[in-house]
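The values are calculated or read from the model by the stated rules, or taken from the named source; none is laboratory data. Remember, it's a predicted structure, so these values are computed and weren't measured experimentally. Neighbour counts run over all protein chains shown; Cβ positions are idealised from the backbone, glycine included.
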Amino acid sequence: MLLKRIQPMVFQTRRLYVDIMFQVMGRALQAVSEVDETVQNDARALPEGLLFEMMVMPDGPRLIVEHTGNGHFHYHGESAPRPIDLSIQFKHIAHAFLVLSFQEKTAEAFAHDRMLVDGDLSYAVRMTRVLNRLEAFILPKLIAKRAVKEYPDSLHLPEKLISAARIYLKVATNFVETARA
Amino acid sequence: MSQKYYEFFCPVKVIAGKAALEHIPYELTGLAAKRPMIITDKGVRAAGLLDPVIAACEESGLDIVSIYDDVPPDSSTSVVRDIAGIYRQEKCDAIIAVGGGSAIDTGKAVNILVSEGGDDIAKYSGAGVLKHPLKPFFVVPTTAGTGSEVTAVAVITDEKKGVKLAFTSSFLLPNAAIIDPRMTLTLPPHITAATAMDAMTHATEAFTCMAKNPLSDAYATAAVKKVSQSLLDVMDNPKDTNGRLELAQASTMAGIAFSNSMVGLVHSLGHATGAICHLPHGLCMSLYLPYVLEFNLESIREPLGELLLYLEGPEVYSATPASRRAEASISAIRKLRDQLYKRCQLPRTLKETGKVLESQLDHIAEQALDDGSIMFNPKEVTLEDAREILRRAWA
C-alpha cells in the first residue's frame, strides 16, 4: 500500500535526476571539449555542425550538443536548431537511470540493448569514447570505474583534479549564465 | 562476467540436411508464394549450384519466374533497384537468395524495395525504419561462414555517395534458411578454410564479448565444436558430405550466436583491413583471432578457458589445469591455423597475405577504433593497443 503511494514520487524523482544529469552532462561535454586535447582529437573527426542528442524514448529528457568545429562542442539544452544527425536513445527512463546513476556502464547498456543508435555508428562510437573520457575526469575514480569499461591508466591524479576543477567551473558558469538569461 | 539482462531473437526456420532443397516448394506454398525469383551471382551459376535448386522446384510444379545472376561482390543501390524492377515486371511474389554474403544482402535489400515500394533503397537505411513484415524470402547459403542467413542486417554500397549503407531490422530475417550440403560441396579449399574460420570467429567472439548470454553461448559452443571437429576432415576430403553439413550448420549456429550477442575487436580490425586492403573477411578473421584473444586474455580468461572443451575435446580439457585452459584455447586456434596454412596456405600473418603494407597499419588501427563492434569488446581498446596488435599480427 505504502509502496503504491510513494511509487509516483519515486518515478518523478528518477525522472528529475535523469533530467538534471543530462543538463550537467551537456554542459560538461562543452567544457571538456574546451579543456582536454584527447577529447578534441576524438571530436575533430566529427563533421562540423553535427548535432548529437542523447535522449530517453519516446519523448523524455534529452541533451543536445553541436560540434562547432575543431573538436569543440556547444550545448544546446533540450531543443535543436535543426534536425538531429546522431541520436543515442535509451528505451526507457529506467535504463537511463541505470547508466546515469553508474549502476551500468555505457558499453554494458549497449550490450544489454538498453540503447539504440540512430545515425552513423562510427560517430556514436566516438561520442561514447568522449563520454567515457568525461566521466573519467569528473567522477571520483571509484565511481568512474563503475561508469566506464576501463579507467584510463594514463590519467593521473593531478591532471584529473585540475581538469575536473576546470570542467566543473565551466559547468557552474554555464548554469549561472543560463539562469540569468 | 555476470549477465543481468539479454535479448535473443531468431525466428528463421532452419531447414537443414540431406535433400533440404526439395523442401523449398512446400515451404513457399505454405506462404502462398507461387512466383519466386532467384537472386544469385555468376560464380554460383557457373558452378552449377542453381541446377539442384531449380530442379527441386520444377519437380514440384513450381516455376522459377526470374533469375538474376549478376550480383557483384559488393552489391550496390543501383543493382538493388534494377533487380526490384525485374521482380515487379515479372510479377514475382517471393525471393530466393542463393549465394554468399553479397547475394544474401542483395536479396534482403530487394525485399525491402518490393515490399515497401519505391526505387530509393537509401531511404530505408538505418535501424528500425521498417515497420511491416516483408515478402516471403528464403536463403540458400553457398558458403559456410557468414551466417547472413540468420542475421537481421544488410550492407549495400551507395555508389553515388561512395558510402556503405547499413539496414537493420528483424523484418530482414528470411522466413527460411535452407542448409543443404550439396551447396558447399564444391567450395575451393582456401574459401572453405577462410569461411569456416569466419564462423569460428563469430562463435568465439559471441562467447567472449560483452553481450554474451546463455542462449547465444549454447549456439556458439556448438559451432566451435563442429568447426574444430570437421574443418580439417573436410580440407582432406572435400567431398565429405557429412563434414560439409557440419560446417554449414556451424556457420548458421555461429550466425545465430553473434547476431544475438555481437562481436568484438577481431571484427573491428577485420572490417578496417577489408576496407583498406581489400582482403576477404574470413581471411581477416582467421588472421586476427589469436592476437585479439591474447590482448583480451585477462578479461575473458574464464569463458576462453571453457572453450577448450569444444576446441580440443574432453580429454585435453580435463588434462589441462584450469589456470592454463585459456592459453591452451589460443594454442588450439593457432594449431588449427597452422594446419590450414599447410593445406591451403591460408595466411596467418598480415605479411603472409602479400596484400598489406606495413605503412597501412596505422590507418587500419585508426579505422578499427571507429567500428561499431569495438563497443562490445570486453576490454577497452586505445589507438596504441590496436597498433600493437597489428604489429604482432604483421609477421
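Data overview
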read-out: Residue identified as of a type in the set (A, V, I, L, M), at the interface with chain B (Cβ under 9 Å from one of its Cβ atoms) and either part of a helix (DSSP H, G or I) or surrounded by 15 or more Cβ atoms within 10 Å (Cβ to Cβ) (or both) among A:124, A:109, A:96; value: A:124
read-out: From the options B:48, B:99, B:107, residue that is surrounded by fewer than 18 Cβ atoms within 10 Å (Cβ to Cβ) and either away from chain A (no Cβ under 14 Å) or more than 22 Å from the chain's Cα centre (by Cα) (or both); value: B:48
read-out: Some residue of the stretch B:179-193 being out of contact with any helix residue (DSSP H, G or I) (no Cβ under 6 Å at 6 or more places or on another chain) and more than 28 Å from residue B:234 (Cβ to Cβ); value: no
read-out: Any hit, the stretch B:374-387, residues being away from chain A (no Cβ under 14 Å), surrounded by fewer than 18 Cβ atoms within 10 Å (Cβ to Cβ), more than 21 Å from residue B:261 (Cβ to Cβ) and not polar (S, T, N, Q); value: yes
read-out: Search result, residues across the stretch A:145-154 that are touching a residue at least 12 places away in the same chain (Cβ under 8 Å) and within 15 Å of residue A:103 (Cα to Cα); value: A:146, A:147, A:148, A:149
read-out: Odd one out for residue A:80, checked against (1) surrounded by fewer than 20 Cβ atoms within 10 Å (Cβ to Cβ); (2) within 14 Å of another protein chain (Cβ to nearest Cβ); (3) assigned to a loop (DSSP other than H, G, I, E, B); value: (2)
read-out: Residues (more than 14 Å from chain B (Cβ to nearest Cβ), over 28 Å from residue A:162 (Cβ atoms) and free of Cβ contacts under 8 Å to residues at least 60 places away in the same chain) located in the stretch A:16-63; value: A:16, A:19, A:48, A:49, A:51, A:53, A:55, A:56, A:59, A:60, A:61, A:62
read-out: Subset tally (residues that are within 23 Å of the chain's Cα centre (by Cα), at pLDDT 90 or above and farther than 22 Å from residue B:37 by Cβ) for the stretch B:123-144; value: 1
read-out: Count - residues of the stretch B:25-42 that are part of a helix (DSSP H, G or I) and touching a residue at least 40 places away in the same chain (Cβ under 8 Å); value: 2
read-out: The stretch B:183-216 - residue that is within 14 Å of chain A (Cβ to nearest Cβ) and charged (D, E, K, R) and, of those, nearest to residue B:252 (Cα to Cα); value: B:205
read-out: Within the stretch B:346-390, tally of residues that are in a loop (DSSP other than H, G, I, E, B) and either aliphatic (A, V, I, L, M) or closer than 15 Å to residue A:129 by Cα (or both); value: 11
